[in-house]
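A quick write-up on the structure given underneath.
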Amino acid sequence: MKHTMMDFPLTLPAILERARAPFGDVALVSRQPDKSLRRDTYGSFYVRARKLAKALLGAGLRKGDRVATLMWNHEPHLVAYFGIPIAGGVLHTLNLRLSPDDISFIADDAGDRFLIVDETLVPLLEKCKRKDPFERVFVVETTGAGVKGETFEGLLASGGGDFEYPALREEDVLGMCYTSGTTGRPKGVVYSHRSTVLHAFATTMADTLSLGMRDTVLPVVPQFHVNAWGIPFAATMVGAKLAMPGPHLDPVSLLDLMQSEQVTCAAGVPTVWLGILEALDREPSRWKLARGLRMIVGGSAAPEALIRGFDRHGIEIIHAWGMTEMSPVGTVSRVRPELASAEETRYAARAKQGLAVPFVEMRIAKPGGGVQPNDGASAGELEVRGPWVAASYYGQHDEHERWSSDGWFRTGDVATIDALGYMKITDRSKDVIKSGGEWISSVDLENALMGHAAVREACVIAIPHAKWAERPLAVVVLKDGFTPAIEPELANHLKALFAKWWLPDGYVFVKSIPRTSAGKFLKSALRDEYKEWTAP
């Protein structure tokens, strides 16, 4: 028997066409370097994306050619998100927070042919020394000072007239991103039209990120980081208004933008939201934010204290988890009805990474082989599979160990899954503290410390120990008004929550904690810095 359904490809042009009608009048707002707001619509964006596609084809773009972007979050970057793939090109977002050497390596490894770069980032570009330079570079003018060379708007102007979409299959490449490269060189992940469209559908569902046409969405997560978690594609698909922050990611600038545009959904890493919570606690009546505002938190674990803190302001924190290799969303922590009535179970669920989104499958691998039961206690490496999960790295032939023999992706996260399906990450496999043959979760200790009123941030690392192999050391950033004399109180705070052998052997107080380009704690740097640490 044969089905009677149409063979309709899952490709980006379908999303772009829906942005034109019925959502052509919906606003796109971009904050400029001078903090002024640029206002566009999906209608004008539609025209500009098609112009870019035609202009790139006129410039000699071939199917599969990589076009890199080095840009902040704004309308021209959204135009590139669509204009490059609908021309048959490959959107490659370069992470501007990486070193010039890493950016150069990534651009060479990907074989980037063209580049679109923000005017304010040209000095960074000039530090990048590629083996094979970009064939053409187009600068997005944002300051009005004028630029040398070719401009983005000049490129668009060359793309006038009718444009017809080239033949695109859903299996064709849409874009690529590289991992942050905290252990070895960054590795490329290549996304298809099909995987990206399916990911967009999944993230708009009510029990995932719940994006819809009534929303105003603020992607604080940069467009150069895993395609801003796919939000630009999903928001465009459903006709949500987009408010894009440009380079202004400090708490006051973000809160001002949330207020002026009445943002209903924002997405970013815990570092950003910790700063915003502090600003709200200092001046709770300064900003009039949208009723029902929700904030998606990913990139690293959201402490329960952060979730409770925003609840005090009537703002909902929604915990999510994913990876570059997963496009990236894998889980979202929505509270099941049977957990909603009791405060303790409700917050415990919200602090976990959550339930797998539809079509993502998860399992916990036993250290010695086999699969752990979903009992919420049996830990092991989290493995995943699904239609937007990578099956390999681009151009890599020595990373096969990241996939199991039956094709599951090995995430490198140590986790548990409970009987209701909630996944909780207890550590990265390289960060878990192995003390006396037992595992200690640095994440649990960090979240507990950040629940103390004196602590702004806390990072727990393993330090060598002659008897126990490793012991935990807490690296702490205190809030204003507190001094290291608070250490005994922090120790007592943890003593009430954990077994004695879990407690840190000591505390180091610092002004800041080093981070990766994605905003995560860079524990490798701290382990190296404190490898000779001994208790005073």
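Only the coordinates and a few stated rules stand behind these numbers; no lab work does. This one's a predicted model, so the numbers in the text were calculated from it and none came from an experiment. Because the Cβ atoms are built from the backbone with ideal geometry, glycine has one as well, and the counts that use them run over all protein chains shown.
Worth a mention:
- Each peptide in 155-162, 276-283 was scored by the mean count of other Cβ atoms within 10 Å over its residues; highest first, the order is 276-283, 155-162.
- Modelled this way, with points 7 Å down the Cα-to-C-beta line, the labels at residue 213 and residue 281 are 4.1 nm from one another.
- Exposure proxy for 520, 352: other Cβ atoms within 10 Å of each Cβ, ordered fewest to most, give 520, 352.
- Gain upon complete extension [residue 371, residue 141; 0.36 nm per residue less C-alpha separation]: 77.4 nm
- In this simple spin-label model, placing a label point 7 Å from the Cα along the Cα-to-Cβ direction at both residue 35 and residue 489 gives a separation of 3.4 nm.
- Summary of the geometry: segment 20-50 and segment 160-237, compared by the centres of their Cα atoms, lie 18 Å apart.
- Put in line by how crowded their Cβ is, counting other Cβ atoms within 10 Å and starting with the fewest, 345, 179 read 345, 179.
- In this rough spin-label picture, where each label sits 7 Å from Cα along the Cβ direction, the residue 129-residue 404 distance is 4.6 nm.
- Cross-linked pairs 479/520; 129/523; 129/430; 366/523; 35/288: Cα-Cα separations exceed 23 Å for 129/523; 129/430; 366/523.
- Cβ-derived FRET efficiency at R0 41 Å, residue 479 paired with residue 378, nearest 0.05: 0.65
- Cα pair count fraction exceeding 17 Å, expressed as % - segment 320-377: 51 percent
- As a proxy for reagent exposure, ranking 150, 401 by other Cβ atoms within 10 Å from fewest up yields 401, 150.
- The chain: relative contact order as a whole-number percent, Cα under 8 Å and 6+ apart: 10 percent
- Stretching the chain fully between residue 290 and residue 151 yields a gain of 46.3 nm (0.36 nm per residue, less the alpha carbon separation).
- A Förster radius of 35 Å, combined with the Cβ-Cβ distance separating residue 456 from residue 260, puts the computed FRET efficiency at roughly 0.80.
- Straight-distance crosslink candidates among aspartates and glutamates, where the alpha carbon sits under 18 Å from residue 51 and sequence neighbours closer than 8 are dropped: 17, 40, 65, 75, 141, 150, 153, 162, 164
- 12 Å Cα-Cα reach of residue 131 towards aspartates and glutamates, excluding residues that sit fewer than 8 places from it in its own chain: 101, 108, 109, 112
- Close amide H partners of residue 439, meaning residues 5 or more places away or on another chain with modelled amide H under 5 Å apart, do not exist here.
- Subtracting the Cα-Cα distance of residue 419 and residue 467 from their residue separation scaled by 0.36 nm leaves 13.6 nm.
- Alpha-carbon radius of gyration plus Dmax, which is the widest Cα pair, for the chain in Å: 23.4, 76
- Under 20 Å from the residue 529 label point (7 Å along Cα→beta-carbon), backbone N, segment 88-110: 97-99
- Taking a straight line from the alpha carbon of residue 467, these lysines sit under 17 Å away, with near neighbours fewer than eight places off in the same chain left out: 434, 500, 531.
- In segment 172-271, trypsin sites (Lys or Arg not before Pro) in a DSSP loop with at most 13 other beta-carbon atoms within 10 Å: 214
- Alpha-carbon centroid distance for the pair segment 459-504 / segment 277-291, whole angstrom: 31 Å
- Relative frequency of Cα-Cα separations exceeding 22 Å in segment 293-420, percent: 41 percent
- Whole-Hz ³J(HN,Hα) from phi, Karplus 6.51 cos²θ - 1.76 cosθ + 1.60, for segment 507-515, glycine and proline x: 10, 10, 9, 10, 7, 7, 10, x, 10
- Ratio of the Cα radius of gyration of segment 1-54 to 2.2 N^0.38 Å, where N counts its residues: 1.64
- Alpha-carbon centroid distance for the pair segment 72-110 / segment 363-395, whole angstrom: 30 Å
- Estimated FRET transfer efficiency when R0 is 22 angstrom, pair residue 169-residue 359 (beta carbons, to 0.05): 0.65
- Loop-located GluC sites (Glu not before Pro) in segment 478-536, at most 13 other Cβ atoms within 10 Å (DSSP): 532
- Based on C-alpha pairs under 8 angstrom that are at least 6 apart in sequence, segment 356-494 has a relative contact order of 16 percent.
- For peptides 203-209, 123-129, sequence by mean Cβ density within 10 Å, most packed first: 203-209, 123-129
- Sequentially through segment 399-405, phi angles give Karplus couplings (6.51, -1.76, 1.60; θ = phi - 60°) of 10, 4, 5, 6, 10, 6, 5 Hz, Gly and Pro residues having no value and appearing as x.
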